[in-house]
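The values are calculated or read from the model by the stated rules, or taken from the named source; none is laboratory data. Here the structure is a predicted model, which is why all the values come from computation and not from measurement. As a convention, Cβ positions derive from the backbone with ideal geometry for all residues, glycine included, and neighbour counts pool all protein chains shown.
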Amino acid sequence: MIKRALTMTSILLLFLTGCSDKKDVSKEKPEADVEAVAAPHKKEENKQPEVKEEKALSEIEAVKIPATIEEFASSMPGQLTKDFPYDKETASWPSTNTLKGIKDELTEHLRAAAKATDDTDILFKSFIFYLGNSAYDEVVPELMAFKPQFDEPYLPEPEEASENKAIQENAAPSKAIIMLDASSSMLLNVDGEQKMKIAKSAVRSFAKTIGATSEVSLYVYGHAGSQENKDKQLSCSKIEEVYPLQKYHEEKFYKAVDGVEAKGWTPLAGAINKAKEVSQSMDGDITLYIVSDGAETCDGNPVEEAKRFVQGQENHKVNIIGFDVDEKQENQLKAVAEAGQGEYFSAKNTEELQNTVIQKWVPPGMIEIMGKQWASPKGTFAILGQDMDVEKMSQKITYAINVEQGRFRDAANVMLTEKMITEEQKDRLINKIEEHKEKLEQLNGQLKEQKKMEIDAEVNRIDQKINDWAKRMELLREENKK
């Protein structure tokens, strides 16, 4: 019995020892597993920020500080400012809180950069990398793309003027009412230029020429509201006389045309009806000159309105140029001209529009009345207008530079306040900010001067062209005297 009891006790002890051993193993194994699994994550967490910081530092070091106009134009926006709105980036009075909304994030980035390097050049590049102006890639290319454009007079060759002499007498109407389509489709491009800009130039050139003998008026339509349905009534109902019927005055007419913006629908019928209303109290020959790039879109009937305009009036006429229109639109415009006892002409591109306006609407003999000095752009308001355009675009660049510089200065102050840099380092950074601003202003000045030289060159080209023509005309007169 005693022997059996000892045997059972031994078995029980062995069982308990085995359970104890298993429990210990089960406790140790998860801890070992956790250690083994957790260790890689720990290393990854330690390495990830370092990799990210190294990448950022590498990108900062690669930042190219503009040294040419082309490099300035291709400046990349800052990582923290790339979504800043254009009007904020080109504000004439920048906000005093230049780092609003980005200060905390910027501080962390600058802290990482300061830990990685104390090189002032690289720290300055970090300002460009994070805070560069987002408008540079718009304002600088805009000025670079500027091309001087003057309204060249039509200068017929002597043989052309001679051949048309029989039909030149009394060909111009006493009153010329010009109607310019400013509907939204005029915002589209032809030959790489906006149709509205091309049409404005053609209309100015025509008015300058016909205005030598005729009183001139300018109406615009489609310039109100927008092309949205909600603005249809407004757009279709507003036909405006922007240059009242009078003798041609270059500066006033230029300003009237320059202020027109293409926006909405096409109330062609309403425009002709407006001309009928205002012409009822007028005497003499009256011709409507319409430049349009499309048919009626305001539910009117321009053919019927053209008939009413000329009804009982042999001295009334409707001439139309269809500018870059499709077949359906052209058919309507042809019908309008026919109903208005006038002519329809088609112009598919810039050159055709300019040539058609002058060659088909202006009697060639009128050019002789103008005289070469009157026709030259030298000394005219047109030069001042183009100079002003260049100044405005250059000023936008200056504003953008100032906005950026303000952010850079505030970034340097943040670094000093947060003890990332010393006073000496801050002074060096401020010097670099000033040098950078001066360089960008220099590039802006070079670009502005280049564009003004292009204006002068274009004026001289047209003036020389007029002088050459005048000499040919003078030789013809001398030969006719013999």
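Name, by its number, the condition in (1) over 27 Å from LYS147 (Cα atoms); (2) modelled with pLDDT of 90 or more; (3) in contact with a helix residue (DSSP H, G or I) (Cβ under 9 Å, 6 or more places away or on another chain) that does not hold for ALA212.
Status for ALA212: all satisfied but (2).
Against the definition (aromatic (Phe, Trp, Tyr), in contact (Cβ under 8 Å) with a residue 24 or more places away in the chain and either closer than 23 Å to ALA145 by Cα or surrounded by fewer than 15 Cβ atoms within 10 Å (Cβ to Cβ) (or both)), how does PHE84 come out, yes or no? Give the steps one after another, and end with the answer.
Working: aromatic (Phe, Trp, Tyr): yes; in contact (Cβ under 8 Å) with a residue 24 or more places away in the chain: yes; either closer than 23 Å to ALA145 by Cα or surrounded by fewer than 15 Cβ atoms within 10 Å (Cβ to Cβ) (or both): no.
It is false that PHE84 is aromatic (Phe, Trp, Tyr), in contact (Cβ under 8 Å) with a residue 24 or more places away in the chain and either closer than 23 Å to ALA145 by Cα or surrounded by fewer than 15 Cβ atoms within 10 Å (Cβ to Cβ) (or both).
With respect to ALA135, is the statement that it is without any contact (Cβ under 8 Å) to a residue 40 or more places away in the chain, among the hydrophobic types (A, V, I, L, M, F, W, C) and closer than 30 Å to ALA199 by Cβ true?
On the way: without any contact (Cβ under 8 Å) to a residue 40 or more places away in the chain: no; among the hydrophobic types (A, V, I, L, M, F, W, C): yes; closer than 30 Å to ALA199 by Cβ: yes.
Answer is no for this residue.
Collect the residues in region 277-294 that are in contact with a helix residue (DSSP H, G or I) (Cβ under 7 Å, 6 or more places away or on another chain) and more than 17 Å from VAL220 (Cβ to Cβ), keeping them in residue-number order. Write out each step before concluding.
Residues of region 277-294 in contact with a helix residue (DSSP H, G or I) (Cβ under 7 Å, 6 or more places away or on another chain): 286, 288-289, 291-294.
Correct list: ILE286 only.
In region 111-142, how many residues are within 15 Å of ILE401 (Cβ to Cβ) and of a type in the set (Val, Ile, Thr)?
The number of residues fulfilling the criteria is 3.
Kindly evaluate ALA262 against the criterion of being crowded, with 19+ Cβ neighbours inside 10 Å, aliphatic (A, V, I, L, M) and within 25 Å of the chain's Cα centre (by Cα). Write out each step before concluding.
Numbers: crowded, with 19+ Cβ neighbours inside 10 Å: yes; aliphatic (A, V, I, L, M): yes; within 25 Å of the chain's Cα centre (by Cα): yes.
Here the answer is yes, as ALA262 does meet what is asked.
Look at region 351-376 and say how many of its residues are outside any helix (DSSP H, G or I) and modelled with pLDDT of 55 or more.
So the answer is 5.
Is it fair to say GLU241 is within 30 Å of SER376 (Cα to Cα) and in contact (Cβ under 8 Å) with a residue 60 or more places away in the chain? Step through it out loud before you land on a result.
Values: within 30 Å of SER376 (Cα to Cα): yes; in contact (Cβ under 8 Å) with a residue 60 or more places away in the chain: no.
For GLU241, the condition - within 30 Å of SER376 (Cα to Cα) and in contact (Cβ under 8 Å) with a residue 60 or more places away in the chain - is not met.
Hey, could you check region 378-404 for residues that are in contact (Cβ under 8 Å) with a residue 12 or more places away in the chain and among the charged types (D, E, K, R) and say which is nearest to LYS437 (Cα to Cα)?
Selected residue: GLU404.
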